[in-house]
Amino acid sequence: MWFSVHRQPRRSIRHKAIIGLGMDTSRNLGLLREYMTYLRVEKGLRPLTCEAYDSDLKTFAEFLESRHGVLLTATQQDVAAFLEHLRTHGIDSRSAARKLSCIRGFYKWLLLDRRIHHDPTVNIESPKAWKVLPKSLAESEVNTMLDGAEITAGITTSKPQARATALRDRAILELLYAGGLRVSEVTSLSTSDLALDSGRVLVRGKGDKERIVPLGVTALEALSTYLKEGRPHLARVRAKAHSADGARLFLSLRGMPLTRQSMWVLVKAASAGASPHTLRHSCATHMVEHGADLRSVQLLLGHADISTTQVYTHLALGRLKAVHRQHHPRGLRRNTEEVEAKEVNTGPIAEEKLP
């Protein structure tokens, strides 16, 4: 009897704790759903971006729940403990910094919406991370890839679909390199976005921001050939699909819109060391190396902040050194003095050795 009397209250307390934790979890999930709606509707972020933010915030919410806390009442100590938790579990500093940036945005929204009175991310330093320079291909590597795609597209075959996919692949590779487009920007293109007569394409980037991207003669020729000779064969076998999907520029063998994954496979097949983003970086790097100003490259790539574009100055360091030697007065004087000194040293000595 004594045992049963003292066991019952302990079970009730544990039951209440579980219920309380469940309520906290429900409050967190409801708040996150509202924030995802805000990101999609008001900020216009892409679904994949929203999914990444949702995943990071759920990770933070689960950490808070393990400390019997909720998102609305999180403190600076909670945020600092979360970053330490990530560090001790082997999460690299770049990933931790991305999660912290996501959390900052979330609490900024809560603050603007007057749901909280203090931002717990204030005075929290972002984990220091090495800036990884984007990888780019050499011009010769890009030329080899594009030349190979052109040769494959020019091969005559009795199978219309094989030629259609070859023309499509060449057009995609040319477009990625010529315009520096993101893979998601290419997959979302419609036929109406192309203006071949004007030599440009309308691109919808992050946050549905539109920009006009000019294209070179080679890319325009590849796109024109694909639209005339390749796309009609792919659209002909299109399964039942929505009219919006039917207007997509690049189609699969089944006539459906080409996916991001298919485009990655396509680029990898053209060059094992390349990716859609590598071609984007290569476009920017080669333009800077050939003298393009950063503002123009920023507009082409659709960067919101020019500090993002400045990374390409590091990749084009060789050209910057050459420009400095050529145009800086001290660098030019040094080169001139070296040439004059060489002429002075070699001239008289050579004459003295003459018979």
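The values are calculated or read from the model by the stated rules, or taken from the named source; none is laboratory data. It should be emphasised that the depicted structure is a prediction, and the values quoted were computed from it without experimental measurement. In this analysis, Cβ positions are derived from the backbone assuming ideal geometry, glycine residues included, and neighbour counts consider all displayed protein chains.
Taken over region 140-157, residues that are at pLDDT 90 or above and more than 19 Å from Ile172 (Cβ to Cβ) amount to 1.
Looking at region 187-219 only, could you name the residues that are out of contact with any Lys or Arg (no Cβ under 9 Å at 6 or more places or on another chain) and either under 17 Å from Val267 (Cα atoms) or not assigned by TED's automatic domain parsing to the domain that holds Thr144 (or both)? The one that is out of contact with any Lys or Arg (no Cβ under 9 Å at 6 or more places or on another chain) and either under 17 Å from Val267 (Cα atoms) or not assigned by TED's automatic domain parsing to the domain that holds Thr144 (or both): Ala219.
Could you please give the count of residues in region 1-52 that are modelled with pLDDT under 50 and outside any helix (DSSP H, G or I)? Residues in region 1-52 being modelled with pLDDT under 50 and outside any helix (DSSP H, G or I): 1 in total. Give the residue, chosen from Lys135, Lys99, that is in contact with a helix residue (DSSP H, G or I) (Cβ under 7 Å, 6 or more places away or on another chain), of a type in the set (D, E, K, R), closer than 29 Å to Gln310 by Cα and outside any helix (DSSP H, G or I). Of Lys135, Lys99, the one residue that is in contact with a helix residue (DSSP H, G or I) (Cβ under 7 Å, 6 or more places away or on another chain), of a type in the set (D, E, K, R), closer than 29 Å to Gln310 by Cα and outside any helix (DSSP H, G or I) is Lys135. Considering (1) farther than 16 Å from Glu174 by Cβ; (2) surrounded by 15 or more Cβ atoms within 10 Å (Cβ to Cβ), the lone condition that Met287 does not fulfil carries the number (1).
Examine region 161-176 for a residue that is more than 16 Å from Phe250 (Cβ to Cβ) and of a type in the set (Lys, Arg), and state whether such a residue exists. No, that holds for no residue.
Remark: pairs (first residue in region 249-269, within 22 Å of Thr144 (Cβ to Cβ); second residue not in a helix (DSSP H, G or I); Cβ separation under 6 Å; 6+ apart in sequence or on different chains) = Val267/Ala274; Val267/Ser275.
Kindly indicate whether Leu112 is aliphatic (A, V, I, L, M) and at pLDDT below 90. Considered against the rule, which asks whether it is aliphatic (A, V, I, L, M) and at pLDDT below 90, Leu112 comes out as no. Of the residues making up region 205-231, those that are over 15 Å from Leu175 (Cβ atoms) and in contact (Cβ under 8 Å) with a residue 24 or more places away in the chain are Lys206, Gly207, Asp208, Lys209, Glu229. Exactly one residue among Thr88, Thr49, Thr75 is assigned by TED's automatic domain parsing to the domain that holds Phe106, over 17 Å from Trp109 (Cβ atoms) and in contact (Cβ under 8 Å) with a residue 12 or more places away in the chain, and that residue is Thr75. Could you check region 240-290 and list, in sequence order, the residues that are at pLDDT below 90, of a type in the set (D, E, K, R) and closer than 19 Å to Asn143 by Cα? Within region 240-290, just Glu289 meets the criteria. For region 307-323, check the following and say yes or no: at least one residue is loosely packed, with under 10 Cβ neighbours inside 10 Å, among the charged types (D, E, K, R) and modelled with pLDDT of 65 or more. No - not one qualifying residue is present in region 307-323. Remark: pairs (first residue in region 146-172, in contact (Cβ under 8 Å) with a residue 12 or more places away in the chain and surrounded by fewer than 20 Cβ atoms within 10 Å (Cβ to Cβ); second residue outside any helix (DSSP H, G or I) and β-branched (Val, Ile, Thr); Cβ separation under 8 Å; 6+ apart in sequence or on different chains) = Gln161/Val237; Arg163/Ile155; Arg163/Thr156; Arg163/Thr157.
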